[in-house]
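This report refers to the structure that appears directly beneath it.
The values are calculated or read from the model by the stated rules, or taken from the named source; none is laboratory data. Since the model is a prediction, treat every value here as computed from it, not as a measurement. Cβ coordinates were reconstructed from backbone atoms using ideal geometry, including for glycine residues, and neighbour counts include every protein chain displayed.
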Amino acid sequence: MVNLRCQNRNADVTVIPTSSALLIKEIGGYERDRKKTKNVKHNGNLTLEQVIKVARAVEEKSLAKTFTGTVKQVLGTAQSLGATVDGQTVKAIIGKINSGELKVEK
């Protein structure tokens, strides 16, 4: 997402990276091979603190009403990347958040 603010003929441009780019950075990235393979899985393990850190960064552009919704969006992105959270599947973490077993705070 790109924000452009013009004030007194001065342009101020800020770029907010996507949540998938931030998650890949938190996982530790990946090494590209010479053959450009598609559907690269980023098999890594994230902590819940890393997920919350990414959710804080993308909260501004998220359409979720609550911060918990933003965290769930980031968790869904982590699932599509193939990452796990605290050694558990992403669906298990989202289930714990929905049942109230796990509290998410800013």
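Give the residues of segment 68-106 that are among the basic types (K, R) and modelled with pLDDT under 95, sorted by residue number.
Selection gives K103, K106.
For A55, state whether it is at pLDDT 95 or above and among the small types (G, A, S).
Criteria met by A55.
Being part of a helix (DSSP H, G or I), closer than 21 Å to K106 by Cβ, at pLDDT 90 or above and among the basic types (K, R): is that true of K65 here?
When the stated conditions are applied, K65 does not pass them.
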